[in-house]
Amino acid sequence: MTDRQFIPIRIAVLTVSDTRQLSDDKSGQTLVDRITGDNHILADRKILPDERDQIAAQLRAWCADPNVDAVISTGGTGLTGRDITVEAHRDVYEKEIDAFSTYFTMISADKIGTSAIQSRACAGVADGTYLFALPGSPGACKDGWDQILRYQLDYRHMPCNFVEIMPRLDEHQRRK
């Protein structure tokens, strides 16, 4: 156990869907419940259609907002023609967190076997903000939060975590 104090971070949730509304957005609600249940702050929540430009614009807006530390999107990470969330995320990333995809696939494979290869979950950083894209099922959102994000977004997690390096994410933009 560590002597570090918990630091709540501000997280926005984006559901990407042509058909969902807040009333039936189970995946988005799963993330909201976990974020707030773990004492983080829900900074914002939106639902957008599977439109690359709209998704990228919203991600950029949240990255520019000093009240958002991280964004978790759900939906649009599959292989069909309308699944463009990953491309929208990559339009915004300055750096991709490659191991997130790998680790998420490992976790998924334990549960759904070879079907895990159909997911394109990804993560990156832009303007000092973390961006995570999870598949659109409540189970995938549970797995992503419960087995990865809960720990990496907790300052107390050792030996390292995303929170402790947050102040340095945009150091390349500062004057020397």
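List of remarks:
- Note on the range 38-91: residues that are aliphatic (A, V, I, L, M), open to solvent by 10 Å² or more (accessible area, probe 1.4 Å) and closer than 18 Å to Pro135 by Cβ amount to 4.
- Residue match in the range 12-30 (condition: modelled with pLDDT of 95 or more, under 30 Å from Cys160 (Cα atoms), among the aliphatic types (A, V, I, L, M) and open to solvent by 10 Å² or more (accessible area, probe 1.4 Å)): no
- Within the range 98-115, the set of residues being closer than 15 Å to Leu149 by Cα and of a type outside the set (A, V, I, L, M) comprises Asp98, Phe100, Ser101, Thr102, Tyr103, Phe104, Thr105, Ser108.
- Of all residue pairs spaced 6 or more apart or on separate chains, those with beta-carbon atoms under 7 Å, a first member in the range 100-119 that is closer than 13 Å to Ala140 by Cα and a second member that is open to solvent by 100 Å² or more (accessible area, probe 1.4 Å) and of a type outside the set (S, T, N, Q) are Gln118/Leu79.
- Where Asp53 falls short, out of the listed (1) in contact (Cβ under 8 Å) with a residue 40 or more places away in the chain; (2) within 27 Å of Gln173 (Cβ to Cβ); (3) out of contact with any His (no Cβ under 8 Å at 6 or more places or on another chain); (4) not β-branched (Val, Ile, Thr): (1)
- Tally, over the range 1-41, of residues that are within 13 Å of the chain's Cα centre (by Cα) and of a type outside the set (Val, Ile, Thr): 7
- Pairs with Cβ under 9 Å, 6+ apart, first in the range 29-49 and of a type in the set (Gly, Ala, Ser), second open to solvent by less than 40 Å² (accessible area, probe 1.4 Å) and assigned to a strand (DSSP E or B): Ala43/Ile11; Ala43/Ala12; Ala43/Val13; Ala43/Ala70; Ala43/Val71
- Filtered residues of the range 156-175 (kept if open to solvent by 60 Å² or more (accessible area, probe 1.4 Å), of a type in the set (D, E, K, R), farther than 12 Å from Arg4 by Cβ and within 20 Å of the chain's Cα centre (by Cα)): Arg168
- Count of residues meeting criterion [free of Cβ contacts under 8 Å to residues at least 60 places away in the same chain and of a type in the set (A, V, I, L, M, F, W, C)] in the range 65-82: 1
- Yes/no for Arg150 being modelled with pLDDT of 95 or more and among the basic types (Lys, Arg): yes
- Selection within the range 119-148 - out of contact with any Lys or Arg (no Cβ under 8 Å at 6 or more places or on another chain), part of a helix (DSSP H, G or I) and open to solvent by less than 20 Å² (accessible area, probe 1.4 Å): Ala140, Gly144, Ile148
- His89 falls short on exactly one of the conditions (1) more than 21 Å from Val163 (Cβ to Cβ); (2) part of a helix (DSSP H, G or I), and that condition is (1).
- Qualifying residue in the range 100-117 (condition: open to solvent by 30 Å² or more (accessible area, probe 1.4 Å) and part of a loop (DSSP other than H, G, I, E, B)): no
The values are calculated or read from the model by the stated rules, or taken from the named source; none is laboratory data. What you are looking at is a predicted structure, and each value in this text was computed from that prediction instead of being measured. Cβ: placed from backbone, ideal geometry, glycine included. Neighbour counts: every protein chain shown. Surface accessibility is based on the protein's heavy atoms, side chains included, excluding ligands, DNA and RNA. Shrake-Rupley method; radii C 1.70, N 1.55, O 1.52, S 1.80 Å.
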